[in-house]
Amino acid sequence: MPASYAYLGPEGTFTEVALRTLPEAATRELIPYVSVQSALDAVRAGEAEAAFVPIENSVEGGITTTLDELVAGEPLMIYREVLLSITFALLVRPGTKLADIKTVSAHPAAQPQVRNWMRAHLPDAVWESAASNADAARLVQEGRYDAAFAGEFAAARYGLEALETGIHDAENAQTRFVLVGRPARPAAPTGADKTSVVLWQRDDHPGALRDLLGEFASRGINLMLLQSRPTGAGIGNYCFCIDAEGHIADRRVAEALMGLRRICLQVRFLGSYPQANMTPDETRPTLPGTSDEEFMAAADWVARCQDGRF
């Protein structure tokens, strides 16, 4: 397997900045790809050891391109996550003034994060989507668009100037990125972990979603992301992308997954991995009756009952 990481490029994306915060990135060749799909396909094809892609932001929620790629196709697994605070700069060719800007570009996920600023400062400018914020900067450099919303750090890479900086509609906006590889044994639990799965309902009936969520709730498992995605099988047919606190090695999480496997048409395990910016001391305490010790004690009690030793 090549000692390389694919990432959403080109050079100068927020994805690249987040990727370089991983210590192991210093020992890998970092290869930019033009889209999330192509980066993940590089892993599936054995061209890269792993791919690093955005999966969620604090303004709009899950990034559907990434979620859909993880839902479909050959299974992949999440190994790490990184949180990055996001603010944008308005990058332009040298000499461009605000009044000169008629077209702006960025990745579609950036639009909800700068919409109000754009309405106030560039009300007549036309938005054009790009494959990434850095790609938008490249297109500005080539003269296709007048300005791009991207990281200020991308200006020098593409020979542009930051006309405005610190642009964001929401304070403390963050994007979550994940390192995705081929399926393997998850890393050992840290005590501050997250488990990601995709669930397909067996059939559509009143309370069907409640039944799925009940497998987590009855075991005291907190959900951190719940997003529905269309299956492509027709209107009203959805699967559910879920992030839950805990690790598959935790008894309560393992039992919840077993319960879901029994009642769902399909369950896709996307990995158990450490939560970014979280330590075991900061995680919420388990509810009474949901610790590993209590699960094991209950299982031992059932075994003793079966043996007539109660």
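The values are calculated or read from the model by the stated rules, or taken from the named source; none is laboratory data. Given the structure is predicted, the values throughout are model-derived calculations rather than measurements. Here the Cβ is made from the backbone with ideal geometry for all residues, glycine too, and neighbour counts use every protein chain on show. Protein only, heavy atoms only, side chains kept; ligands, DNA and RNA dropped before computing areas. Shrake-Rupley method; radii C 1.70, N 1.55, O 1.52, S 1.80 Å.
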Seminar exercise, completed: If the chain between A120 and N172 were fully extended at 0.36 nm per residue, the gain over the current Cα-Cα distance would be 16.7 nm
Seminar exercise, completed: To the nearest 20 debye, the chain has a Cα-centred charge dipole, built from +1 on Lys and Arg Cβ and -1 on Asp and Glu Cβ, of 380 debye
For this session: Give the shape of segment 186-310 as rounded, prolate or oblate, defined through the alpha-carbon gyration tensor: a ≥ b ≥ c are the square roots of its eigenvalues, a/c under 1.5 means rounded, and otherwise the shape is prolate if a/b is larger than b/c and oblate if not.
Result: oblate
For this session: On each of the three principal axes of the Cα atoms of the chain, give max minus min coordinate, whole Å, ordered largest first.
Result: 86, 46, 37
Exercise. Across segment 181-189, in residue order, what do the Karplus-derived ³J(HN,Hα) couplings come to in whole Hz, using 6.51 cos²θ - 1.76 cosθ + 1.60 with θ = phi - 60° and x for Gly and Pro?
Worked result: x, 6, x, 7, 5, x, 4, 4, x
Exercise. By how many nm would the segment from R262 to E29 grow when fully extended, if each residue of separation counts as 0.36 nm and the alpha-carbon distance is taken off?
Worked result: 79.7 nm
Seminar exercise, completed: In Å², rounded to a whole number, the accessible area per residue of the chain with probe 1.4 Å is 48 Å²
Exercise. Based on the Cα gyration tensor of segment 168-241, what are the three equivalent ellipsoid semi-axes, each the root of five times an eigenvalue, rounded to whole Å and given largest first?
Worked result: 25, 19, 16
For this session: Quick one: net charge around A154, please, counting Lys, Arg +1 and Asp, Glu -1 for every other residue with C-beta under 12 Å from its C-beta.
Result: -3
Seminar exercise, completed: The alpha-carbon center of segment 84-125 and that of segment 271-295 are separated, in whole Å, by 41 Å
For this session: With unit charges on the beta carbon (Lys/Arg positive, Asp/Glu negative), name the residue among V114, I78, A125 whose Cα is farthest towards the positive pole of the charge dipole of segment 1-132.
Result: A125
For this session: State whether segment 5-160 is rounded, prolate or oblate according to the following rule on the C-alpha gyration tensor (a ≥ b ≥ c being the square roots of its eigenvalues): a/c under 1.5 gives rounded; otherwise a/b larger than b/c gives prolate, and the remaining case gives oblate.
Result: prolate
For this session: At most 16 other Cβ atoms within 10 Å and a DSSP loop assignment: could you name the trypsin sites (Lys or Arg not before Pro) in segment 266-310 that fit?
Result: R309
Seminar exercise, completed: Carbon plus sulfur, as percent of the 1.4 Å-probe accessible area of the chain, comes to 51 percent
Exercise. When you count, for each residue, the other Cβ atoms within 10 Å and take the mean per peptide, how do 279-288, 197-206 rank with the highest first?
Worked result: 197-206, 279-288
